[in-house]
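Student: I'd like to ask you about the structure that follows.
The values are calculated or read from the model by the stated rules, or taken from the named source; none is laboratory data. As the structure is a prediction and not an experimental result, all values here were calculated from the model. We place every Cβ from the backbone using ideal geometry, glycine too, and count neighbours over all the protein chains shown.
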Amino acid sequence: MPLSFKDVAEILKIIDASDCEEVSLDIEGTRLVVRRGGRASSGQGPQPLPSETATEPQPGSPKTVGKTEPRIDKGHNIVRAPMVGTAYRRSAPGEEPFVEVGSRVEKGAPLCLIEVMKLFTTIEAPVAGAIAAIHMEDATLVEFDQILFAIKPD
């Protein structure tokens, strides 16, 4: 059975909590290599990890989202990020966002995309209803289990 995105997210959480610089896994024909900070193609050493306390994004880097948990009204379904990555509210630059606050969605309708290493995953509505709140901005870095949307079910 290949690795799921949840499996990869859990592996990344474990690696992030450790002091290791590089991990390589081979599981049933799937190879996962994780390097802390990445390596530049020019042969430079590992880059420092971005500071979690930074409030201003560096030029050319994705915006970061604060760690404050948003308030969710009782009865609303929340949609959380299943992985760490860059979240996009639209399918392509210049396109309309998938949803806006107040938009009516069916179960399985696309809400956003999350990109991890050039692989895009569509995040879908778990229930039919109306978008009550959007807790992310377009092209922002999201963390595993971060709240992205609140949906008021029908």
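Student: If GLU100 satisfies every condition in (1) under 19 Å from the mean Cα position of the chain (by Cα); (2) more than 14 Å from PHE149 (Cα to Cα); (3) loosely packed, with under 11 Cβ neighbours inside 10 Å; (4) at pLDDT 80 or above but one, which is the exception?
Tutor: All conditions pass for GLU100, except number (2).
Student: Condition first: in a loop (DSSP other than H, G, I, E, B) and within 15 Å of the chain's Cα centre (by Cα). Now tell me which residues in segment 1-30 satisfy that.
Tutor: SER4
Student: State all residues of segment 103-127 that are surrounded by 15 or more Cβ atoms within 10 Å (Cβ to Cβ) and among the β-branched types (Val, Ile, Thr); if no residue qualifies, say none.
Tutor: Selection gives VAL105, ILE114, VAL116, THR121, ILE123, VAL127.
Student: Can you find a residue that is modelled with pLDDT of 95 or more, of a type outside the set (A, V, I, L, M, F, W, C) and over 10 Å from the mean Cα position of the chain (by Cα) anywhere in segment 111-119?
Tutor: no
Student: Exactly one condition in (1) exposed (fewer than 10 other Cβ atoms within 10 Å of the Cβ); (2) at pLDDT below 90; (3) over 20 Å from the mean Cα position of the chain (by Cα) is false for GLY94; which is it?
Tutor: (2)
Student: Could you check how many residues of segment 101-154 are touching a Lys or Arg at 6+ places or on another chain (Cβ under 9 Å) and either in a loop (DSSP other than H, G, I, E, B) or basic (Lys, Arg) (or both)?
Tutor: Here the count works out to 13.
Student: Which ones in segment 87-102 are without any contact (Cβ under 8 Å) to a residue 40 or more places away in the chain and either of a type in the set (A, V, I, L, M) or not assigned by TED's automatic domain parsing to the domain that holds LEU141 (or both)?
Tutor: Correct list: ALA92, VAL101.
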